[in-house]
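Participant: Before anything else, here's the structure in question.
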Amino acid sequence: MTEVFLRRLSRWQADREREAVADLYVEAYRGTAGEQFHDRQEYLRRLGDHAQRTGFEMVIATAAGALVGSVYGYRPERTDEWWHGLHGEVPAEMAELTTSGRAFVMTELMVLPSFRRRGVASRLQDHLLTASGIHLAVTLIDQEDAPARGALASWGWESLGKITPTPDRPPLEAWTRRLRR
């Protein structure tokens with residue numbers, strides 16, 4: 001079995017690797033449900049926007065010199081209301097952790113199919129989140145994405161419920177993970 005190495009990238013390094021990460025994105029999502037949302041150019045646009053956010057961080061996984069996985073995210077601005085559009089009541093702790101700068105939005109986690117079920121995704125997200133000095137991680141998934149839901153649950157994430165961040169998209173599912181400090 002090929003050994004997988006993790007590496008944290010600076011914002012500058014992430015920008016330099018953006019084309020390779022976009023290629024990974026296309027390969028990781030090829031043939032999956034919701035494939036219409038996995039457009040390479042749209043991904044590059046989102047990555048560029050997210051890379052400009054406060055506290056942007058990216059971790060990549062390589063094996064035999066090739067990119068096999070990636071995860072990134074950012075700290076929401078203290079005034080962000082990432083929970084806007086959440087169906088139901090927002091726990092007070094969520095707002096407090098966001099306004100105190102102790103929340104982190106995990107935006108994209110992807111691993112090549114040939115490296116799945118080897119612990120790569122778990123290692124990537126743990127490496128990203130534990131070094132971030134945060135208390136609460138948040139991610140949004142397509143509500144039809146059963147594999148993502150199962151993976152998040154197995155890693156200790158909890159479903160917060162449905163969220164409609166913008167009226168032009170179908171609802172997503174919000175998940176949170178409290179990190180032990």
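Throughout, read-outs are computed from the coordinates displayed, never taken from laboratory work. The structure presented is a predicted model; accordingly, all values stated were derived computationally and were not measured. All Cβ positions, glycine included, derive from the backbone under ideal geometry; neighbour counts span all protein chains shown.
Participant: Where in the range 139-156 is the amide nitrogen less than 17 Å from a point lying 7 Å along the Cα-to-Cβ axis of ARG46?
Facilitator: Residues 139-149, 152 fall inside that zone.
Participant: Taking R0 as 22 Å, what FRET efficiency do you get between TRP12 and THR54 from their Cβ-Cβ distance, rounded to the nearest 0.05?
Facilitator: 0.90
Participant: Would you please give the residues with an amide H less than 5 Å from that of LEU179, counting only those at least 5 places away or on a separate chain, with H modeled from the backbone geometry?
Facilitator: LEU136, ALA137
Participant: I would also like to ask the following. Find out how many positive minus negative residues lie around GLN143, taking Lys and Arg as positive, Asp and Glu as negative, among other residues whose Cβ is under 15 Å from that of GLN143.
Facilitator: Here the count lands on -1.
Participant: Another question, if that's okay. What order, most packed first, do the peptides 71-77, 155-161 have when packing is the mean number of other Cβ atoms within 10 Å of each residue?
Facilitator: Listed from highest to lowest mean packing, they are 71-77, 155-161.
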